[in-house]
1. Starting from the Cα of residue 79, step 7 Å along the direction of its Cβ; do the same at residue 95; then give the gap between the two resulting points in nm.
2. So how much slack lies between residue 152 and residue 28, counting 0.36 nm per residue of separation and subtracting their Cα-Cα distance, in nm?
3. Go through 161-169, 181-189 and give me the packing order, highest mean Cβ count within 10 Å leading.
4. Calculated FRET efficiency, residue 86 and residue 162, Cβ-Cβ r, R0 35 Å, to nearest 0.05?
5. Under a crude label model (7 Å from the Cα following the beta-carbon direction), how far is residue 140 from residue 56 in nanometres?
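Values in this text are rule-based calculations from the coordinates and carry no lab data. Here the structure is a predicted model, which means the values were calculated and not measured. Backbone-built Cβ (ideal geometry, glycine too); neighbour counts: all protein chains shown.
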């Protein structure tokens, strides 16, 4: 099951895409009705996020804890720097503690534009979803990665890290997760 926050409730979606509203969900003691802002949620890599779900007929009551991730940033190239399609680019970022890989996305302003599976870089096969790389602080996007991108436009590089676990209750699986992302805009030439 997955969750969606909105319309004044937190919904759990089952495998048939039927939704079931939960009665009350709290994160670190703060009730969630639609969205939660990070004023009440610490992302430092040490603090636990404590989830408590008050159930109903479709959703069992449960609680779970997951260790937060630290915040991070892209350090080079700097925001709004120019990336040259014919040269490719190496992106450096501060690493996330305690996870082994991150997802990387490259987008134009109007959504996902072009990404490539890092295991197929030699063949140049393009995919419409992100790719996973080791969480080591450096990502290299070769020149052919940008072949389908339009020149003289802004693009966004986003790096996403996640820590999650699955909890089974009454023959239902629930995912408890902490997800952080960092995105920076660049000029593509």
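1. Distance between the two pseudo-spin positions: 2.6 nm.
2. Details: separation 124, 0.36 × 124 = 44.64 nm, distance 4.48 nm.
Gain on extension, residue 152 to residue 28, equals 40.2 nm.
3. Numbers: 161-169: 14.3, 181-189: 16.0.
Order by mean packing, descending: 181-189, 161-169.
4. Working: r = 33 Å, r/R0 = 0.95.
The pair residue 86/residue 162 has a calculated efficiency of 0.60.
5. 5.3
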